[in-house]
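Below is one structure, written out as structure tokens; the observations come after it.
The values are calculated or read from the model by the stated rules, or taken from the named source; none is laboratory data. As the structure is a prediction and not an experimental result, all values here were calculated from the model. Here Cβ is always computed from backbone atoms with ideal geometry, including for glycine, and neighbour counts include all displayed protein chains. Surface areas here come from the heavy atoms of the whole protein model, side chains and all, with no ligands, DNA or RNA. Shrake-Rupley method; radii C 1.70, N 1.55, O 1.52, S 1.80 Å.
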Amino acid sequence: MKVTELYRTVSLIRHAELKIVEVYEQDIMQTPVHLSIGQESVAAALCSHLNKNDLALGTHRGHALYLAKGGNLMRFFAELLGRVAGCSGGYGGSMHLNDLECGLLGTSSIVGGALPISVGVAMATPRPRLTAVLFGDGACDEGVFYESLNFASLWKLPLVFVCENNRYSVQTHRRHRHSVNPYKIAEACQMRTLFVPIGVANDVVALNRLLEDPIQAVRQGGGPLFVECETVRTLDHHGIHSDIEKGFRPREEGHLAEKFCPMALIRKYLDPSTAGAIDLEVKKKVDTAFSQALKTKPLVIEGHYEQLGNDTKTTGTARGRA
Ligand SMILES: Cc1ncc(C[n+]2csc(CCOP(=O)(O)OP(=O)(O)O)c2C)c(N)n1
Ligand SMILES: [Mg+2]
């Protein structure tokens with residue numbers, strides 16, 4: 001894939017999330033948001049190797065996957081705004097994005113929840129179609145992680161596991177949770193594995209190149225692939241502020257996020273005027289999609305708020321802040 005196309009995807013994810021940051025305090029998006037800023041390259045590189053009819057599943061931090069998989073930007077914002085036009089009809093909010101049109105079978109708020117589902121999907125979906133599942137390092141704390149890897153390897157499923165290892169499950173560092181890196185478990189299951197350090201994982205061009213042959217091998221019947229990407233979350237676990245500023249993660253995390261910012265790393269492959277022109281185009285697209293989404297019909301669920309002891313109506317189900 002061309003560098004400009006990869007840049008367009010990373011820029012789209014970044015600017016869509018910056019739009020969320022811009023409007024979030026207005027309380028018009030009453031859904032918790034887990035932003036992908038700092039980690040955009042992983043979903044972008046993975047999806048650069050997926051066709052529209054390949055299937056993908058993801059997590060609570062699923063915006064990047066939805067947009068990289070070719071999801072509809074207006075329907076994305078509409079979902080966050082609790083609108084009927086949302087990709088999940090306004091019922092799901094940020095953590096439950098579904099869109100069969102682009103092959104996103106769903107993102108899940110249950111940590112590790114997508115892993116066994118992806119195994120079932122890959123069993124039911126013959127090659128050359130692929131299934132890909134994106135999950136955080138926190139999912140590797142779950143028993144179902146081991147079961148899913150074992151089963152996928154045993155059945156040589158056409159499944160690509162991609163772990164976004166940002167070292168944190170909320171604010172708990174991996175050193176308190178893991179005796180070995182997740183890719184070691186995949187190796188023990190005799191699965192082909194890649195461990196990708198942050199300098200490569202956050203560089204979408206480098207990661208795109210690295211994944212090309214291994215993903216092609218899965219398509220050709222080589223069995224599952226496990227990719228562990230080291231990356232870094234720039235902002236809060238959820239919300240739009242910084243847990244580094246609040247002292248919940250060390251200052252070095254902030255330096256890491258600056259040094260390995262996916263937008264900055266890809267710009268070295270492009271001349272500044274090309275990157276600037278793409279950014280302008282993307283920002284315009286984001287603004288238009290957001291304004292369109294704002295004009296759509298809210299999902300109204302009669303009686304929902306009354307049950308909670310409030311006498312006003314509300315929209316959507318995934319209300320409130322986590
Ligand atoms: C089964 C389950 N346990 C706990 C939680 C609470 N929880 C929500 S997000 C999260 C952290 C997940 O960390 P990770 O998988 O590394 O993803 P990240 O947020 O870092 O992208 C936890 C523990 C949950 N949603 N589901
Ligand atoms: Mg994590």
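Observations on the model:
- Within segment 3-19, backbone nitrogen closer than 13 Å to the virtual label 7 Å beyond the Cα of Ala277 toward Cβ: 4-5
- Qualifying chymotrypsin sites (Phe, Trp or Tyr not before Pro) for segment 189-267 [loop in DSSP, other Cβ within 10 Å: at most 14]: Phe248
- Nearest-20 debye value, the chain charge dipole, Cβ charges on Lys, Arg, Asp, Glu: 480
- Integer Hz, Karplus 6.51/-1.76/1.60 couplings in order for segment 181-190, x for Gly and Pro: 5, x, 5, 5, 5, 5, 4, 5, 7, 6
- Over 20 Å (Cα to Cα) - which of Lys184/Lys259; Lys52/Lys284; Lys19/Lys285; Lys19/Lys246; Lys19/Lys52 fall in this group: Lys184/Lys259; Lys52/Lys284; Lys19/Lys246; Lys19/Lys52
- Protection proxy ranking, peptides 128-134, 100-106, average beta carbon neighbours within 10 Å, highest first: 128-134, 100-106
- Per residue accessible area in Å² of segment 3-304, where ligands, DNA and RNA are left out and the probe is 1.4 Å: 40
- Shown for the chain: the carbon plus sulfur share of the solvent-accessible area, taken with all protein chains present and a 1.4 angstrom probe, equals 54%.
- Protection proxy ranking of 168-175, 80-87, 180-187 - average other beta-carbon atoms within 10 Å, highest first: 80-87, 180-187, 168-175
- DSSP bridge orientation in the chain - percent antiparallel, rounded to nearest 5: 20
- Length-normalised contact order of segment 3-304 in % [C-alpha pairs under 8 Å, at least 6 apart]: 25
- Extended-chain gain in nm, criterion 0.36 nm per residue less alpha-carbon gap, Val21 and Lys2: 3.9 nm
- Within the chain, the ratio Rg/Rh, alpha carbon atoms throughout and Rh by Kirkwood, equals 0.96.
- Take the convex hull of the alpha carbons in segment 36-105; its mean projected area over all directions comes to 4.0 nm².
- On the beta carbon distance between Ala264 and Glu302, with R0 = 45 Å, the FRET formula returns roughly 0.40.
- Length gained on full extension, Ser291 to Ile28, computed as 0.36 nm times the residue gap minus the Cα-Cα distance: 93.4 nm.
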